[in-house]
Amino acid sequence: SRSLLNLINDILDFSKIDAGKLGFENVPFSLQSVIEEVTDMFIERSMTSDIELVVDIEPQVPRKLMTDPLRLRQVLANLMSNAFKFTKTGEIVLTVKRVGQDEDRATLLFCVKDTGIGIDPGISERLFDAFAQADGSTTRKYGGTGLGLAICRKIVRMMGGDIWVESAAGKGSSFFFTIDTGVVPFDNEIPKVVPSPLKDKRVLVVDDNPSTLLIVKRFIESFGFRTALADSTEAASELYFTSQGRNPFGLVIVDVNLRGADGVDLVRKIKGTLSLPAPPVISMGSYGKDGDVKRAK
């Protein structure tokens, strides 16, 4: 039923675009909200598979835009759906960057990158043609109409941008698109104030996903902290205990679910060393599972 409904919706949208009848709004909206709505659609799929979903919105990206949020959501949802369809393990990363801006308009670059089966560069351009797919067996094996990317290209071009793919067979794919959008001043912007005792504190960030590690690093350093990074409990323990007495950490941020080890065990080790004053610890979890929350507490 869902497959038939998707097929009908794709054909209707494609027909509307060809006839010049596709509705297009120009309204103010929060980019963060749209991205959260899209990623929420795939949380369950990410939880039940061996795929980590990472979102990286650069600080320079305007918070409130003026374009069609429904059509932007449609493009993002289609690219994310394809990424999950063709990826079995690894990660899917959605990034947003500002690549140009004047007084009231901005050019944004979106990228959905996966670690999936990849695409032969020789046929990648054909993917944006109607009813085209990577090979003849794709529909039978993975499903789909071959219209999704054609619709995405038409929508993106209606938004003043373009869409393209960089990929290689067996090495994952990166789908990029740009949009030209209006920028709305954010009235409720709260200035970021860091209390003096926190400035220049050292923070130990522990996560086994390189993408997440770098995103958290950039976010933490925007508050004026200094960071040290570790991708395992072993590396984190060494950094933490060798720093004591000389240049101790003022905060530890640790992923609860580390591959091959447990972030909660690392926190127990840090908190259990009574001879050393333990800093505050923030435990991160990808999905906020009740079990992880209880263990962290």
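The values are calculated or read from the model by the stated rules, or taken from the named source; none is laboratory data. Every value quoted in this text rests on a predicted model; they were computed, and no experiment measured them. Note that we place each Cβ from the backbone using ideal geometry, even for glycine, and neighbour counts take in every protein chain shown. Ligands, DNA and RNA are excluded from the accessible area calculation, which covers all protein heavy atoms including side chains. Shrake-Rupley method; radii C 1.70, N 1.55, O 1.52, S 1.80 Å.
Express in Å², to the nearest 10, the accessible area of Thr181 obtained by rolling a 1.4 Å probe over the protein heavy atoms while all chains stay in place.
Roughly 0 Å² of Thr181 is accessible to a 1.4 Å probe.
Just checking my list [x] 1, 5, 10, 13, 14, 14, 12, 10, 8, 6, 3, 2, 1, 0, 0; [y] 1, 6, 12, 16, 18, 18, 15, 10, 5, 1, 0; [z] 1, 5, 10, 11, 11, 9, 9, 8, 8, 7, 6, 5, 4, 3, 2, 1, 0, 0 against P(r) over Cα pairs in 5 Å bins from 0, in percent computed from this structure; which label fits?
[x]
Going by alpha carbons, how many degrees (0 to 90, nearest 10) lie between the helix axis of 263-272 and the longest principal axis of the chain?
20 degrees
Might you tell me the accessible area per residue for the chain, computed with a 1.4 Å probe and given in Å²?
Accessible area per residue: 55 Å².
Simple spin-label model, 7 Å along Cα-to-Cβ: Ser237 to Val27 in nm?
Between Ser237 and Val27, the label points sit 5.5 nm apart.
Relative to the first principal axis of the alpha-carbon coordinates of the chain, what is the inclination of helix 31-40, with its axis defined by its Cα atoms, in degrees from 0 to 90 and to the nearest 10?
Around 90 degrees separate the two axes.
Keeping the other protein chains in place, figure out the carbon and sulfur percent of the accessible area of the range 174-297, with a 1.4 Å probe.
Values: 4060 of 7090 Å².
Exposed carbon and sulfur together represent 57 percent of the surface.
Please name whichever of Ile270, Phe24, Pro121 sits farthest to the positive end of the charge dipole of the chain, dipole taken about the Cα centre and charges placed at Cβ: Lys and Arg +1, Asp and Glu -1.
Of the candidates, Ile270 comes out farthest on the positive side.
Classify the range 145-260: rounded, prolate or oblate, from the alpha-carbon gyration tensor (a ≥ b ≥ c, eigenvalue square roots; a/c under 1.5 rounded; otherwise prolate if a/b is larger than b/c)?
oblate
Give, to the nearest whole percent, the P(r) tail of the range 48-122 beyond 18 angstrom, counting all Cα pairs. Each step should come with its number before you reach the end.
On the way: 1369 of 2775 pairs.
Tail of P(r) above 18 Å: 49 percent of Cα pairs.
Enter the angle in degrees (range 0 to 90, nearest 10) between the Cα long axis of helix 210-221 and the first principal axis of the Cα atoms of the chain, meaning the one along which they spread out most.
Helix 210-221 sits roughly 60 degrees off the main axis of the chain.
Shape of the range 4-79 from its Cα gyration tensor (a ≥ b ≥ c, root eigenvalues): rounded if a/c is under 1.5, otherwise prolate when a/b > b/c, or oblate?
Working: a/c = 3.10, a/b = 1.20, b/c = 2.58.
Cα axes put the range 4-79 in the oblate bin.
Round to the nearest 0.05 the FRET efficiency obtained for Leu12 and Phe186 when R0 = 41 Å and r is the Cβ-Cβ distance.
So the FRET efficiency works out to roughly 0.70.
Which cross-chain or sequence-distant (5 or more) residues have an amide H under 5 Å from the amide H of Val184, H modelled 1.01 Å from N in plane?
The list, which skips near neighbours in sequence, is Lys64, Leu65, Met66.
Report the extension gain between Lys294 and Gln60 in nm, rounded to one decimal, defined as 0.36 nm multiplied by the number of residues separating them, less their alpha carbon distance. Present the calculation step by step, with values, prior to reporting the outcome.
Values: separation 234, 0.36 × 234 = 84.24 nm, distance 3.59 nm.
Answer, rounded to one decimal: 80.7 nm.
If I take R0 = 51 Å and measure r between the Cβ atoms of Arg157 and Leu198 in this structure, what FRET efficiency does the formula 1/(1 + (r/R0)^6) give, to the nearest 0.05?
Calculated value: 0.65.
Consider all pairwise Cα distances in the range 191-252 and report the whole-number % of them above 20 Å.
Of the Cα pairs, 27 percent sit more than 20 Å apart.
Using only the alpha carbons of the range 224-297, what is the convex hull's orientation-averaged projected area in square nanometres?
Computed as one quarter of the Cα hull surface, the answer is 5.4 nm².
Provide the FRET efficiency to the nearest 0.05 for the Met41-Thr107 pair, computing r from the beta carbons and using R0 = 30 Å.
Calculated transfer efficiency: 0.70.
Roughly how big is the chain's charge dipole about its Cα centre, with Cβ charges of +1 (Lys, Arg) and -1 (Asp, Glu), in debye to the nearest 20?
540 debye
How high is the relative contact order of the chain, in percent, with contacts defined as C-alpha pairs under 8 Å that are six or more residues apart?
Relative contact order here is 14 percent.
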